[in-house]
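Visitor: Below is a structure I'd like to ask you about.
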Amino acid sequence: MQQPFINSKDDIQIDLNQVRIDIIQGIRECSDRGLTQTVKWLSELNYALRDHNINNMQPNYDDGILPDERETYLLAKSYFDCQEYDRAAHFLENSNSPKCVFLFRYSQYMSSEKKRLDNSTDIGPDNSESTQVLLDLLSFFKANHNSLDGYLLYLEGVILKKLDLRSQAVSVLQSAVAAVPTLWAAWVELAGLANEYEALDSLQLPKHWMMYFFAAHAFVELKLSEQALEAYIGLANAGFNKSTYVTAQMAIAHHDRRDVDSALALFGDLYQNDPYRLDNWDVYSHLLYLKEKRMELAKLAQKAVSIDKYRVETCCVIGNYYSLRSEHQKAVVYFQRALSLDPQYLSAWILMGHEFIELQNSNAAIQCYRQAIDVNRNDYRAWNGLGQAYEILGLNGYCIYYYSRAAQLKPDDSRMLVSLGEAYEKMEKIPNALKCYYKAHSTGDIEGMALFKLAKLYEKSNMPNSAAAAYTAACQEAGNAGSKELPAAQRYLAQYYLRFALLDHAAHYAYKCLDHENTKEAGKNILKAISEKRLAASSSQCANLPEDLPEAIKNISTSSISHDASKTPFPSPDTAPDNFSTPMYSKKTSKYKM
């Protein structure tokens, strides 16, 4: 992929006249072939550009169907639209027009998928008949490789992906989008095969306006929310600001970067402008779940049921509603209904895994998360869920592997790093645990736990100076004001400063201990000891500080203890594991539930 196409929102220059011509042509071609989702996507874009008039539109449209096959095509297409796929394939078997050939092969594929889905509850995982249909179709594509158009190449790529021949699927899908750039379904399949950002750069794609949408969609799939937002803002500025699709994708990107309020505002606008649009309502319901807005979520569920109660998004909304009410068994039922409608529905697998964790059924949760990984191995939530499930089972070795994979996929999320550090700590791998906690703090601690865990581990490892430095930094974080770990940190610091006869500092933290029930007695005892030391000492404070006091503590002035103190940088540990560096503080105030 060419770098200028994906990075700079200011460089996006799109000829909207040509875009509308391409879209209308694409709608006709895809509609004739039964590619309904692509027709829907293109039509929504076309509606968003309705204010831009088209110049030089070709008046005549040639559908490319032979005259003696037109009646056969119209009959078969009507059967296809009614989901009578075998019947459609039967009438198209001897047709030679390109559209008829595609519709014939596509009918065979859709028939096998429908039967596999219908029979999945009856015959279990045995899909030998469906697999044989895919293999037969693949044989046809191989035998006619030189005569395949872009639409047949797309179908071949889908089948290769189904058979887990990923590298071949990528190659074929690249040829498909080069031949038919407006075939959005091919772009979506290609984005699902891109494992990482570097893989996107290696793709050979046409320089077409559709590439902007592909890049933005791929960023969302890879959870690269900052890049996705930049790309969609660029598209909105280029003329797609009225597109409901662009607005929804921006909301999802805000959701991924934990900006819940911005995501809810965008979904609220979508709901007002297009109240019957069920697409992405699963994400909308999750945002309401995070904000614990039970009434709004209940209304959304009722609205979804009134529109279409057999949509996967509807089942997901209802499942989230029951989960918020802590009725986890009912939530599982609705997530299972969603999966019976679409076994490839990623969110339902992950959310059902969360519900089984709540029900303390770790084995069922593990199966759900594994299914989610089979659908999309690039989603960090499934890997993190597996780590949590194995942690409950006490299998810390497995935890380390799964948390590591999650951290690789979401390197800016401290939660996976903290969980990974806990797993290392349980296995007595102290240097690795220290590294994880320190990195979690450096990347911007979301839950405000990394510094406390780092300090406790230093304390446990008999490194009091480093523990005091970590506790001091934790106490200075404004976001930790209400943390349940704060009283213990203040008690430790009061005792630490008392040890070095820094009585003013010790008294400062000892008085703070009096504000908490579980440290009140300790605070009183420390204040009593301070009083005794002051009576025994001379009126002036000791001029010579102890030699073993760390330099960072020596430099602390009385003013740094006051409420208006400016934060001092967190000093590096006494014995720093490899790759440690002094963190740059980034303020993170909002918590984000898994």
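Visitor: Check Y398, Y458 and return the single one that is of a type in the set (S, T, Y), at negative phi, in contact (Cβ under 8 Å) with a residue 12 or more places away in the chain and crowded, with 18+ Cβ neighbours inside 10 Å. Steps first, please.
Guide: Values: Y398 fails: crowded, with 18+ Cβ neighbours inside 10 Å.
Answer to the check: Y458.
Visitor: A further question on this structure: Which of (1) within 15 Å of R377 (Cβ to Cβ); (2) open to solvent by 60 Å² or more (accessible area, probe 1.4 Å); (3) free of Cβ contacts under 8 Å to residues at least 60 places away in the same chain does S171 not meet, given it meets every other one?
Guide: Checking S171 against (1) within 15 Å of R377 (Cβ to Cβ); (2) open to solvent by 60 Å² or more (accessible area, probe 1.4 Å); (3) free of Cβ contacts under 8 Å to residues at least 60 places away in the same chain, the one that fails is (1).
Yes/no matrix, rows are residues, columns are (1) open to solvent by less than 50 Å² (accessible area, probe 1.4 Å); (2) in a helix (DSSP H, G or I); (3) modelled with pLDDT under 95; (4) under 28 Å from R337 (Cβ atoms):
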| residue | (1), (2), (3), (4) |
| --- | --- |
| L74 | no, yes, yes, no |
| K99 | yes, yes, yes, no |
| T121 | no, yes, yes, yes |
| P125 | no, no, yes, yes |
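Visitor: For region 401-412, what are the residues that are surrounded by 22 or more Cβ atoms within 10 Å (Cβ to Cβ) and either under 13 Å from the mean Cα position of the chain (by Cα) or hydrophobic (A, V, I, L, M, F, W, C) (or both)?
Guide: From region 401-412, those surrounded by 22 or more Cβ atoms within 10 Å (Cβ to Cβ) are 402-403, 406-407; that's our starting set.
Correct list: A406, A407.
Visitor: Quickly run through region 143-157 and pick out the residues that are aliphatic (A, V, I, L, M) and either crowded, with 18+ Cβ neighbours inside 10 Å or touching a Cys at 6+ places or on another chain (Cβ under 7 Å) (or both).
Guide: To start, the set of residues in region 143-157 that are aliphatic (A, V, I, L, M) comprises 143, 148, 152-153, 155.
Selection gives L148, L152, L153, L155.
Visitor: Still on this structure, please answer the following. Would you mind listing the helices (runs of 4 or more DSSP H) fully within region 284-387 where at least 2 residues are touching a Pro at 6+ places or on another chain (Cβ under 8 Å)? First the steps, then the outcome.
Guide: On the way: elements: 294-308, 312-324, 328-341, 346-358, 362-375.
Output list is empty.
Visitor: Could you look through region 511-522, keep only residues that are in a helix (DSSP H, G or I) and at pLDDT 85 or above, and pick out the one that is most open to solvent (accessible area, probe 1.4 Å)?
Guide: Keep residues of region 511-522 that are in a helix (DSSP H, G or I), which gives 511-513, 517-522.
With at pLDDT 85 or above added as a condition, the list becomes 511-513, 519-522.
Values: Y511: 136, K512: 50, C513: 0, T519: 2, K520: 65, E521: 114, A522: 24 Å².
Filtering first and then ranking leaves Y511.
Visitor: Continuing with this model, one more query. Quick one: how many residues across region 442-481 are over 24 Å from M416 (Cβ atoms) and assigned to a loop (DSSP other than H, G, I, E, B)?
Guide: 3
Visitor: Let me ask something additional. Would you check which residues across region 229-281 are within 15 Å of F219 (Cα to Cα) and basic (K, R) and list them?
Guide: R257
Visitor: Here are some residues: S107, S111, S95. Which one is buried (at least 18 other Cβ atoms within 10 Å of the Cβ), part of a loop (DSSP other than H, G, I, E, B) and at negative phi? Explain how you work it out, then say what you get.
Guide: On the way: S107 fails: part of a loop (DSSP other than H, G, I, E, B); S111 fails: part of a loop (DSSP other than H, G, I, E, B).
It is S95.
The values are calculated or read from the model by the stated rules, or taken from the named source; none is laboratory data. Here the structure is a predicted model, which means the values were calculated and not measured. Reconstructed Cβ throughout: ideal geometry from the backbone, glycine too, with neighbour counts over all protein chains shown. Areas reflect the complete protein model, heavy atoms only, side chains present, ligands, DNA and RNA absent. Shrake-Rupley method; radii C 1.70, N 1.55, O 1.52, S 1.80 Å.
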